[in-house]
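The values are calculated or read from the model by the stated rules, or taken from the named source; none is laboratory data. Just so it is clear, the model here is predicted, and its values are computed rather than measured. Neighbour counts run over all protein chains shown; Cβ positions are idealised from the backbone, glycine included. Side chains included, ligands, DNA and RNA excluded: accessible areas come from the protein's heavy atoms. Shrake-Rupley method; radii C 1.70, N 1.55, O 1.52, S 1.80 Å.
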Amino acid sequence: MNLDPKDIATCLGQDEDFAGRNGAMMPPVVQTSLFAFSTLDELVDGLSAEHENFVYSRGQNPTVEVLEKKLAKLERGESCKCVASGMAAISAVLVGLLEAGDHILFVNQTYGPTLQLAEHLSRFGVEHEVVLDLDPGAIETAVKDNTRLIWIESPGTMLNRLVDIAAVAAVAKKRGILTAMDNTWATPLLQKPITQGVDLVVHTCSKYIGGHSDVMAGAVIGSKKLMEQIFYRSYLLLGASLGPSDAWLLIRGLRTLPVRLRQHEENVLIVGEFLKSHSKVKRVYHPAFTENSENVESELAGYTGLLSFELHKSDFETVKNVINSLRLFRIGVSWGGVESLVITPARENNADALAVNGLPEGLIRLSVGLEDSKDLIDDLGEALAFA
Ligand SMILES: *Cc1c(COP(=O)(O)O)cnc(C)c1O
């Protein structure tokens with residue numbers, strides 16, 4: 001893992017204003033909904049630029065702002081807004097930027113609820129399409145005259161396939177199309193899409209940034225101009241603001257993100273090697289195991305613990321038996337916390353839906369946590385005896 005020392009300093013808070021808070025090691029939780037002014041003129045001034053001033057915590061809050069400045073810095077973006085969940089971040093981008101008649105092109109396997117939101121936007125005249133062929137030429141061919149936004153997920157949902165981010169951003173730029181990328185898998189420490197030409201980055205901070213499965217949050221990062229548009233056209237009006245206590249938990253989460261990621265990487269490489277050489281396993285889907293990465297040269301500075309694998313015996317009963325036989329891996333949604341988790345997109349009768357999303361049957365997804373790696377592979381070894 002190749003972390004930038006500047007990013008470690010940002011996560012640890014070395015650049016925070018300690019003097020401005022009497023040397024307190026952690027920033028205060030400014031638990032207030034509103035800010036009072038001594039004159040009406042000052043209030044009117046504050047309201048004239050609510051994206052820059054503390055007026056009401058649905059707009060700006062000092063604790064939330066500490067987190068926003070860190071995430072903007074880590075992503076090499078000018079500006080950041082944090083929100084109450086990853087989906088609130090995605091909603092803010094789509095509702096803030098699109099109009100009736102626009103088309104969104106989703107590149108790669110995309111988080112399910114993101115596509116469900118896009119379905120609902122068809123009620124407002126916004127169309128969309130998903131392209132799973134990741135060749136930049138194929139992506140360019142899928143662009144329509146009314147494509148206004150290209151949405152990238154890389155590594156993508158479930159199969160963790162990589163997109164050639166710079167190539168897609170270049171295609172978009174040439175045609176005057178905006179790009180947004182869900183960078184949750186890699187965190188801002190391992191991949192910086194803005195430096196590769198992407199306009200906007202979103203995160204769900206509920207995953208690695210929080211890191212302890214105890215907080216829901218999201219973030220959008222981009223240029224001042226685009227972020228101001230999102231602030232006034234969606235963020236402030238959809239109203240999914242982040243509370244200061246949750247922002248504080250995320251500031252604490254960032255303190256240990258670099259060291260947690262190093263351990264997630266160590267564990268996922270051990271688990272991936274074990275699975276790759278196991279007779280019951282057909283294929284491992286993770287960017288460190290390159291058979292999966294098509295022809296894209298990985299720009300990742302390291303690897304996180306989200307990995308999928310495919311069983312040779314792919315019927316649902318077998319998938320279910322393996323999952324139910326795991327002890328250390330708990331069965332649950334989400335990922336990125338200290339605990340290992342397991343889930344599958346397979347159901348009793350959904351082979352067609354899997355095929356539409358380019359997913360094989362017999363797929364199992366792991367979030368590899370921070371437990372001892374020997375315990376993790378012992379657990380997997382025992383469960384795979386049922387495959
Ligand atoms: C979980 C997730 C989201 C949604 O985040 P929430 O905080 O659950 O709303 C979006 N994108 C990806 C890739 C995710 O894994």
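The table for this structure:
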| item | result |
| --- | --- |
| So Leu307, is it buried (at least 19 other Cβ atoms within 10 Å of the Cβ), touching a Leu at 6+ places or on another chain (Cβ under 6 Å), under 20 Å from Lys207 (Cα atoms) and not assigned by TED's automatic domain parsing to the domain that holds Asp135 | yes |
| Enumeration of residues in region 350-377 that are free of Cβ contacts under 8 Å to residues at least 12 places away in the same chain and open to solvent by 40 Å² or more (accessible area, probe 1.4 Å) | Ala351, Asp352, Ala353, Ala355, Val356, Asp372, Lys374 |
| Residue check, Leu236 in a helix (DSSP H, G or I) and within 27 Å of Thr256 (Cβ to Cβ) | no |
| Residues of region 192-214 satisfying the condition of being open to solvent by less than 10 Å² (accessible area, probe 1.4 Å) and out of contact with any Lys or Arg (no Cβ under 6 Å at 6 or more places or on another chain) | Pro193, Val198, Leu200, Val201, Val202, His203, Cys205, Tyr208, Ile209, Gly210 |
| Residues that are of a type in the set (A, V, I, L, M) and without any contact (Cβ under 8 Å) to a residue 24 or more places away in the chain, drawn from region 328-342 | Ile331, Val333 |
| Looking only at region 29-63, and only at residues there that are in contact with a Ser or Thr (Cβ under 6 Å, 6 or more places away or on another chain) and of a type in the set (Ser, Thr, Tyr), the one that is surrounded by the fewest Cβ atoms within 10 Å (Cβ to Cβ) | Ser33 |
| Unique residue being in contact with an Asp or Glu (Cβ under 6 Å, 6 or more places away or on another chain) and polar (S, T, N, Q) when the list is Ser241, Ser213, Ser223 | Ser223 |
| Residue list for region 249-302, filter: open to solvent by 40 Å² or more (accessible area, probe 1.4 Å), closer than 24 Å to Lys313 by Cα and assigned to a helix (DSSP H, G or I) | Leu269, Ile270, Glu273, Phe274, Lys276, Thr290, Glu291 |
| Residue, farthest from the ligand (Cβ to nearest atom), within region 204-233, restricted to residues that are among the β-branched types (Val, Ile, Thr) and part of a strand (DSSP E or B) | Ile221 |
| Ile364 assigned to a helix (DSSP H, G or I), closer than 17 Å to Leu306 by Cα and among the β-branched types (Val, Ile, Thr) | no |
| Index of the failed condition, Val201 passing every other in (1) within 15 Å of the ligand (Cβ to nearest atom); (2) not in a strand (DSSP E or B) | (2) |
| Contacts under 7 angstrom Cβ, first residue in region 104-125 being over 21 Å from Ala138 (Cα atoms) and open to solvent by less than 90 Å² (accessible area, probe 1.4 Å), partner part of a helix (DSSP H, G or I) and not small (Gly, Ala, Ser), 6 or more apart | Pro113/Met87; Thr114/Ile90; Leu117/Ile90; Leu117/Leu94; Leu121/Leu94 |
